[in-house]
Amino acid sequence: MTDWPRQPDNRTCGPSSVVVAEGLPGPWPDFEADVQAMHRRLTGLRDRHGRWQLPWPRMLGTPPWAVARELGGRVRRYRRSDVLAALPTPVPVFLGTRWLPRHVVLVLDERDGEPLVYNPALGAVVLMSSSRWQHRWWAVLPR
């Protein structure tokens, strides 16, 4: 069984999800350092290929377009059918309130049509419906 890492702080759910997606099936020996480096890359002036990008304040979390660029995906409005069709490729999903996206989880599988997600805040794989954030905003689907 995989030991799932917890995000190192309350602003790194996005980079934590990306580090896990890129490192599946684990282990993640230097998870905190990898997440902090990923956060700088996702919100910094240059992407992993050295291309210029608009800087993004890290305190606002991770922009979905940066996650898509890192994983080679595309940002789409959340639709459960699209997310489940993309499996077994891990799919980052942005959750939040009606007004704002606040959290990123990583869909890894499904159980009876319900997405099973790596939730970096818990450091566990759980049903998506168990998240306190119930509004689904975006999914980063593979190309």
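Here are some notes:
- Under the combined filter of DSSP loop state and at most 10 neighbouring Cβ atoms within 10 Å, the range 60-107 retains these chymotrypsin sites (Phe, Trp or Tyr not before Pro): W99.
- Global geometry of the range 69-143, whether rounded, prolate or oblate, following the gyration tensor of its Cα atoms and the 1.5 cut on a/c: rounded
- Near C13, once Lys and Arg are set to +1 and Asp and Glu to -1 for all other residues with Cβ below 11 Å from its Cβ, the sum equals +2.
- Placing a label point 7 Å from the Cα of R111 along the Cα-to-Cβ direction, the residues of the range 1-34 with a backbone N closer than 20 Å are 1-6.
- Rounded is the label for the chain, because a/c, from the alpha-carbon gyration tensor with a ≥ b ≥ c as root eigenvalues, stays below 1.5.
Read-outs throughout are calculated quantities, based only on the coordinates presented, and are distinct from any laboratory measurement. Just so it is clear, the model here is predicted, and its values are computed rather than measured. Here the Cβ is made from the backbone with ideal geometry for all residues, glycine too, and neighbour counts use every protein chain on show.
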